[in-house]
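First the structure, in the form of C-alpha cells, and then the observations on it.
FYI, it's all coordinate maths here, none of it is from the lab. Owing to the predicted nature of the structure, the values given are computational and were not obtained by experimental measurement. All Cβ positions, glycine included, derive from the backbone under ideal geometry; neighbour counts span all protein chains shown.
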Amino acid sequence: MINGFKEFILRGNAVDLAVGVVIGAAFGAVVTAIVDYLVNPLIAAIFGKPDLSDLWDITLREGATIQVGMILNAFLQFFLVALAVYFVIVAPMNALAARRAALKDPVPEEISDEVSTLREIRDILSDARGTEPRHREDPAATD
C-alpha cells in the first residue's frame, strides 16, 4: 500500500497538479493585490468609493432586499481581475512566445531518399531530352 502511494505521489501528474495549485494560489494573491491596491483606488477616484456594493438596494419587504450594487460589484470585480490577468500575464506571455517563435530557425523539410532519387532521375531524363526539368513538389506525378 505504501509503494502504491509512493508511486502515485511521484508520478508526474500529481506533482504537476500540486505545483499548479500552489502557483495558482500565489498568483491569486498577486491579482488580488493588483485589484485592491491599483484598480479599486482608481474606481474610488471616479465614483467616490472603492466599490459599488451599496449603490442600489431594492427592498421588497422587510428582510427581502435585492442588492443590485453587490451584483454590479461582483461583475466589476470579475471584469477587473480578468483585465489584470490579461494585461499582466497573458499579453506579455503571448508577446514573448511570438518573439521566441520569430527567433527560431525554420526546420528544413527532410527529403526522403526516394524523393531525392526520383528528382535525380527526372534531372537526368531532362538533360537527355535537352529540356529544362520541371520542378514539381511531387516528383512521382505523371506528365
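Distance between Cα centroids, the stretch 18-57 to the stretch 74-115: provide it in whole Å.
26
According to the square roots a ≥ b ≥ c of the eigenvalues of the Cα gyration tensor, what is the shape class of the stretch 2-103, taking rounded for a/c under 1.5, prolate for a/b larger than b/c otherwise, and oblate for the remainder?
Numbers: a/c = 3.62, a/b = 1.61, b/c = 2.25.
Verdict is oblate for the stretch 2-103.
Which loop trypsin sites (Lys or Arg not before Pro) in the stretch 1-103, with loop taken from DSSP, have no more than 13 other Cβ atoms within 10 angstrom of their Cβ? Before the final figure, lay out each step's value.
Details: sites: LYS6, ARG11, ARG61, ARG99, ARG100; in loops: ARG11.
Passing both the DSSP loop test and the Cβ count: ARG11.
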